[in-house]
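The values are calculated or read from the model by the stated rules, or taken from the named source; none is laboratory data. Everything numeric here is computed off the predicted structure, so don't read it as measured data. Here the Cβ positions follow ideal geometry from the backbone for every residue, glycine too, while neighbour counts run over all protein chains shown.
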Amino acid sequence: MTKEGIRTDNFQTDNMQKDSMQLEHIHSMDDVLHMLDSLFRDEGDWWDRFYADRSRNIPFFLNAPDENLVEYFEQAIVQPGHVLELGCGAGRNALYMAGRGCRVDAIDISQEAVAWGIERTRESRAAVNFHCTSLFDYPAEAESYDFIYDSGCFHHLYPHRRISYLEFVKHALKPGGVFGLVCFSLGDMGAELSDWEVYRQRNMRGGLGYTEEKLKAIFHSFEVLDFRRMRQMTQPGPLFGEAFLWTALFRKEASPSPVI
């Protein structure tokens, strides 16, 4: 290699370093969030690998809706309407809600999961609008959803993203709308880590476990409609259910009546 070539390589390296430094400035809270995101693995790639082998014996790979979700609809606690599912995976709950007459948008960060969900909609002829995106990049219109459902996404969120998550749900949900959550119950499933310890270890050990008290504190601005353990279901079967999971149903406060 010539001296000129060496100088060119160094020049290119210096430019790359300068570009990197310019991108790594912190000018806003969004920059802080993205910086904290960068401390951890690429979630999209990880979940793509997870969903790539569909033959694995994973309970939620089966096309069976959550038992609590079915109960909400059968007991008319949740009515058919405009629905958003967060972390929809291969679409088992989204397909069920579409079958109940809902207009369903479903998002997931994994391209493999979304592709599988689209295949299932074609097979069942259900109408689900799948989107491969992070919920933090999803352009939800304000107060546009009657029901937002999350089965297994929340406990995989890094602590710094909980505030944005809560803001997203409040923004997208109609006044009086309902939010359903399924997540790890601390002591039965999920890591027992403080929020600070997640960053010390740069790892959530597969997802965080939550106590009933912590979940109710996080969603304190919502009315609690139902909070219980998920019922254990025989797998494979028509319903999904694992007793190590919490199921919770919250209602957003309705708009106050206008003062006359």
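Is it fair to say Glu253 is surrounded by 12 or more Cβ atoms within 10 Å (Cβ to Cβ), out of contact with any Ser or Thr (no Cβ under 6 Å at 6 or more places or on another chain) and at pLDDT below 95?
In short, yes.
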TODO: Kindly indicate whether Arg125 is charged (D, E, K, R) and at pLDDT below 95.
DONE: yes
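Of everything in the range 191-226, what is closer than 27 Å to Arg251 by Cβ, of a type in the set (A, V, I, L, M, F, W, C) and surrounded by 15 or more Cβ atoms within 10 Å (Cβ to Cβ)? Give them in sequence order.
We begin by selecting, within the range 191-226, every residue closer than 27 Å to Arg251 by Cβ; these are 195, 207-226.
Keeping just the survivors that are of a type in the set (A, V, I, L, M, F, W, C) gives 208, 215, 217-219, 222, 224-225.
Residues satisfying the conditions are Leu208, Leu215, Ile218, Phe219, Phe222, Leu225.
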TODO: Specify which of the listed residues (Asp31, Asp9) is surrounded by 10 or more Cβ atoms within 10 Å (Cβ to Cβ) and modelled with pLDDT under 70.
DONE: Asp9
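I'm trying to understand the selection: among the residues of the range 104-131, which are surrounded by fewer than 19 Cβ atoms within 10 Å (Cβ to Cβ) and closer than 14 Å to Asp48 by Cβ?
Our first condition is that a residue be surrounded by fewer than 19 Cβ atoms within 10 Å (Cβ to Cβ); within the range 104-131, this holds for 111, 115, 118-120, 122-127, 129, 131.
Matches in the range 104-131: Gln111, Ala115.
Consider the range 19-62. How many of its residues are β-branched (Val, Ile, Thr) and under 29 Å from Leu239 (Cβ atoms)? Steps first, answer last, please.
Within the range 19-62, the subset β-branched (Val, Ile, Thr) is 26, 32, 58.
In the following step, the residues that additionally are under 29 Å from Leu239 (Cβ atoms) were identified as 58.
The number of residues fulfilling the criteria is 1.
Just need a number here: residues in the range 68-99 that are of a type outside the set (A, V, I, L, M) and surrounded by 19 or more Cβ atoms within 10 Å (Cβ to Cβ).
Step one: filter the range 68-99 for residues of a type outside the set (A, V, I, L, M), giving 68, 71-75, 79-82, 85, 87-89, 91-93, 96, 99.
Next, only the ones that are surrounded by 19 or more Cβ atoms within 10 Å (Cβ to Cβ) stay: 68, 72-73, 85, 87-89, 91-93, 96.
So the count comes out to 11.
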Task: Among (1) of a type in the set (D, E, K, R); (2) under 19 Å from the mean Cα position of the chain (by Cα); (3) at pLDDT 95 or above - the single one Asp42 does not satisfy - done: (3)
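Per-residue answers, yes or no, for (1) under 21 Å from Ala243 (Cβ atoms); (2) assigned to a strand (DSSP E or B); (3) among the hydroxyl-bearing types (Ser, Thr, Tyr):
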residue	(1), (2), (3)
Met189	yes, no, no
Leu193	no, no, no
Trp196	no, no, no
Met204	no, no, no
Lys216	yes, no, no
Leu225	yes, yes, no
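Which of the residues spanning the range 227-240 are modelled with pLDDT under 95 and either under 18 Å from the mean Cα position of the chain (by Cα) or surrounded by 14 or more Cβ atoms within 10 Å (Cβ to Cβ) (or both)? Lay out the reasoning, then the answer.
The initial filter retains those residues of the range 227-240 that are modelled with pLDDT under 95, namely 234-237.
Passing the criteria: only Gln235.
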TODO: Give the range 53-103 a look and list any residue that's hydroxyl-bearing (Ser, Thr, Tyr) and farther than 14 Å from Asp150 by Cβ, or say none.
DONE: Ser55, Tyr96
Task: Among the candidates Tyr149, Tyr138, Tyr165, Tyr145, residue that is touching a helix residue (DSSP H, G or I) at 6+ places or on another chain (Cβ under 6 Å), within 21 Å of Val114 (Cα to Cα) and either modelled with pLDDT of 95 or more or among the β-branched types (Val, Ile, Thr) (or both) - done: Tyr145
Task: Scope the range 174-187; condition closer than 22 Å to Leu245 by Cβ, in contact with a strand residue (DSSP E or B) (Cβ under 6 Å, 6 or more places away or on another chain) and either touching a residue at least 40 places away in the same chain (Cβ under 8 Å) or polar (S, T, N, Q) (or both); matching residues - done: Val178, Phe179, Gly180, Leu181, Val182, Cys183, Ser185
Open item on the list: Name the single residue that is nearest to His131 (Cα to Cα) among those in the range 23-52 being touching a residue at least 40 places away in the same chain (Cβ under 8 Å) and not in a helix (DSSP H, G or I).
Closed with: Phe40
- [ ] Among residues belonging to the range 159-186 that are hydrophobic (A, V, I, L, M, F, W, C) and part of a strand (DSSP E or B), point out the one that is surrounded by the most Cβ atoms within 10 Å (Cβ to Cβ).
- [x] Leu181
